[in-house]
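Enquirer: The structure follows.
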Amino acid sequence: MTEDKTQVRNRALIVEDEFLIALDLEAAMTGLGFEICGLAPNAEEARSLAMSHQPDVVLVDVYLGGARDDLITNNGVYPKSNLDVRLYGVKTPVGQLGFWYDYSFSKGGTQSDGTVLPSTSGWAVGIGHTREEWLGGYNRVSLQYGVGNSANFSTGAEYPTVYLQNAHTFRFTESAVIQPNDKFAVQPVFIYQQQTDGNPADGTNKWLSLGARPVWFFTDHVSLAFEAGFDHTSSGAGLYDGWLRKFTLAPQIGAGRKFFSRPVLRAFVTYANWSQGLEGFIGGPAFKNKTSGWNFGVQGETWW
């Protein structure tokens, strides 16, 4: 008699309008053993995919963007209409590619106080490559570029200034999860971004961020996480220019030995220091005149 080793995997549907976040969630859920039955950027497509595939788990962004209910003109609520085209799962020799294109348009008008909100449009493109089953985890690299109304890489509408049509954003990311065994895992991350709001006086804001979070698993439910990170950011308008370093230690109680095993409850303590160029911009009023500080607390995290 032949033993049937076929294993049926639970299916997950991901509802997320931001392209790269959707790719991250896909990689994380695949690593937890789920079969991804769809990536939906909006509620209508999510409803269709859910009816077709009957997923066991649905991950939904709590805010999918769209109209600005706080901005009302003679044409109604200020909208953001999107033509969103995505292609996922294009096979490569070492993984798979995802492509994204978005065109957006918002019709302006006149508010009750006489303020004129301009009509704006924009476009954005993105490409991401994911290598699954890589060193026990995955690796993902991505590029995004957006213009005008689409420079925020989201279906949500920005406040429509007269400069928004000239806004630009470029973003590069590299991230991975490496888990060679059930006792250790680490997630390194690198991000570089340039962004302008379209106003020549504001220049180009720049942001570089890199860091890593290793986790040591002592039992099926007890682990220890450490996180180290470095950021450098500068304002195109000259408001700030400086760096920040932070270190976090967090004992955890969780549901398993995977990096993304959830739920997890962690206590944490964080130390950070930053250059004088960021003094007054870090940590709110409690750290207004400081260039270093401590923070601690308890944090819970789960999928639902």
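What follows draws every value from the coordinates through simple rules; no lab data is involved. Just so it is clear, the structure is predicted and the values come from calculations on it, not from any experiment. Please note: Cβ atoms are built from the backbone with ideal geometry, for glycine as well, and neighbour counts cover all protein chains shown.
Enquirer: List the residues whose amide H sits under 5 Å from the amide H of Ile36, counting only those 5 or more places along or on another chain, with H placed 1.01 Å from N in the peptide plane.
Expert: The list, which skips near neighbours in sequence, is Ala12.
Enquirer: Can you list residues whose amide H is under 5 Å from Ser261's amide H, if they're 5+ apart or on another chain and H is modeled 1.01 Å from N?
Expert: It is none; the list stays empty.
Enquirer: While we're looking at this one, here's another question. Would you compute, for the Cα atoms of region 23-171, the largest minus smallest coordinate along each principal axis and list the three values in descending order, in whole Å?
Expert: 58, 33, 19
Enquirer: Counting other beta carbons within 10 Å of each residue's own, what order do Leu25, Leu97 fall into, fewest first?
Expert: Ranked by crowding around the Cβ, least crowded first: Leu97, Leu25.
Enquirer: Now for a separate question. Please list 120-128, 287-295 highest first by mean number of surrounding beta-carbon atoms within 10 Å per residue.
Expert: In decreasing order of mean packing, 120-128, 287-295 become 120-128, 287-295.
Enquirer: Using the eigenvalues of the Cα gyration tensor, what equivalent ellipsoid semi-axes result for region 103-161 when each is taken as the square root of five times the eigenvalue, whole Å, largest first?
Expert: They are 38, 10, 7 Å, listed from largest to smallest.
Enquirer: What length, rounded to one decimal in nm, is gained on full extension from Trp294 through to Gln276, with 0.36 nm per residue of separation minus their alpha-carbon distance?
Expert: Full-extension gain reported as 4.8 nm.
Enquirer: How would you rank Asp70, Asp202, going from fewest to most other Cβ atoms within 10 Å of each one's own Cβ?
Expert: By the 10 Å Cβ count, ascending, the order reads Asp70, Asp202.
Enquirer: Taking amide H atoms as placed 1.01 Å from N in the peptide plane, list the residues 5 or more away in sequence, or in a different chain, whose amide H sits under 5 Å from that of Val269.
Expert: Amide H neighbours of Val269: Leu249.
Enquirer: Once all Cα-Cα distances of region 227-304 are split into 5 Å bins that start at 0, what whole-number percent is in each one?
Expert: In order of increasing distance, the bins hold 3, 14, 18, 18, 14, 12, 10, 8, 2, 0 percent.
Enquirer: Which value, in Å to one decimal place, does the Kirkwood hydrodynamic radius take for the chain when every pair of different Cα atoms is included?
Expert: 21.8 Å is the Kirkwood radius here.
Enquirer: Next question, about the same structure. Do the sum for the chain: with -39,500 (n - 2.57) for every DSSP H run of n ≥ 4, divided by all residues, what is the mean residue ellipticity at 222 nm, to the nearest 500 deg cm²/dmol?
Expert: Computed mean residue ellipticity for the chain: -2500 deg cm²/dmol.
Enquirer: Report P(r) for region 135-264: all Cα-Cα distances, bin width 5 Å, range 0 to the bin holding the largest distance, values in whole percent.
Expert: Histogram of Cα-Cα distances, whole percents per bin: 2, 10, 15, 15, 14, 12, 11, 10, 7, 4, 1, 0.
Enquirer: Once the Cα gyration tensor of region 207-270 is diagonalised, what are the square roots of 5 times its eigenvalues, in whole Å and ordered largest first, as equivalent ellipsoid semi-axes?
Expert: 32, 10, 9
Enquirer: Continuing with the same structure: From the P(r) of region 123-206, can you give the percent of Cα pairs sitting at distances over 15 Å?
Expert: Beyond 15 Å sits 64 percent of the P(r) for region 123-206.
Enquirer: When a footprinting reagent is the concern and you count Cβ atoms within 10 Å, what order do Phe19, Phe259, Phe268 take, fewest first?
Expert: Phe268, Phe259, Phe19
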